[in-house]
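Heads up: the structure comes next, in structure tokens.
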Amino acid sequence: MRTDTVPVFVNDQAGGRLGPVSQPVNGSGGRVRGFELAAQYAFDFGLGFNANYTFSDTRTDAKNDFNSNLPLPGVSKHSVNGQVYYQTGGLTARLSYSWRSKAYLGNFGFGDGAVTRTLGIYGKSYGQLDGQISYDINKQFGVFVQAINLTKADQSAYLQFPELPFRYETGSRRIYIGAKVSF
């Protein structure tokens with residue numbers, strides 16, 4: 001599925017005018033090619049890791065004013081995930097990192113007189129580091145601390161060209177402290 005921007009007549013106080021409206025549209029086809037590499041290992045003393053790399057080359061019939069055969073929205077060409085963990089007794093600690101290259105997110109349409117122009121929206125590459133430590137005091141009660149986006153990584157998107165910013169989200173670190181209770 002893709003999003004197309006089409007001109008639609010909209011009634012207003014002045015009698016009406018054409019305006020751009022974005023709507024979902026099923027595509028007529030596409031292709032996905034790629035591969036994934038993964039590894040994991042757990043040592044006898046509680047330490048372990050897992051990691052993967054994914055390559056995805058996608059193509060659809062979607063187009064905008066600058067490109068045709070655009071990739072599937074939201075699918076990065078390269079992505080990497082990794083996790084290191086330690087687990088022994090009631091103690092569990094994990095550190096995870098995820099990264100993805102830029103991704104086509106869809107098209108942005110705008111009115112230019114009676115013509116609707118479309119530019120691609122692209123999310124810039126993004127990486128995030130998360131962590132968690134928990135301790136089970138007994139079978140019924142445990143405590144934990146979880147941190148999301150430890151490095152305060154920012155997310156942003158641009159319209160067609162990296163020099164044309166579209167959206168910027170300031171990275172914030174979120175920390176959760178809690179308890180787990182089982183009955």
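The values are calculated or read from the model by the stated rules, or taken from the named source; none is laboratory data. Computed from a predicted model, the values in this text were never measured in an experiment. Please note: Cβ atoms are built from the backbone with ideal geometry, for glycine as well, and neighbour counts cover all protein chains shown.
Identify the residue in segment 27-49 that is small (Gly, Ala, Ser) and surrounded by 10 or more Cβ atoms within 10 Å (Cβ to Cβ) and, among all such residues, is nearest to the chain's Cα centre (by Cα).
Result: Gly34.
Output yes when any residue across segment 63-74 is among the aromatic types (Phe, Trp, Tyr), loosely packed, with under 15 Cβ neighbours inside 10 Å and either in contact with a His (Cβ under 9 Å, 6 or more places away or on another chain) or farther than 25 Å from Phe141 by Cα (or both), and no when none is.
yes
Of the residues that make up segment 70-90, is at least one under 19 Å from Tyr122 (Cα atoms) and either of a type in the set (Asp, Glu) or free of Cβ contacts under 8 Å to residues at least 24 places away in the same chain (or both)?
no
Got at least one residue in segment 125-140 being of a type outside the set (Lys, Arg), surrounded by fewer than 16 Cβ atoms within 10 Å (Cβ to Cβ) and at positive phi?
Within segment 125-140 (the criterion being of a type outside the set (Lys, Arg), surrounded by fewer than 16 Cβ atoms within 10 Å (Cβ to Cβ) and at positive phi), the answer is no, since none of the residues qualifies.
Scan the strands (runs of 3 or more DSSP E) fully inside segment 100-183 and keep the ones with 2 or more residues being more than 27 Å from Gly74 (Cα to Cα).
The strands (runs of 3 or more DSSP E) meeting that bar are 126-136, 141-148, 174-181.
Give all pairs with beta carbons closer than 7 Å in which a residue from segment 129-153 that is farther than 11 Å from Gly178 by Cβ meets a residue that is among the aliphatic types (A, V, I, L, M) and not in a strand (DSSP E or B); count only pairs at least 6 apart in sequence or on separate chains.
Once the first residue is farther than 11 Å from Gly178 by Cβ and sits in segment 129-153, its partners that are among the aliphatic types (A, V, I, L, M) and not in a strand (DSSP E or B) give Leu129/Leu150; Asp130/Leu150; Gly131/Leu150.
Tell me, which residue of segment 88-112 that is modelled with pLDDT of 95 or more and not hydroxyl-bearing (Ser, Thr, Tyr) is surrounded by the most Cβ atoms within 10 Å (Cβ to Cβ)?
Ala103
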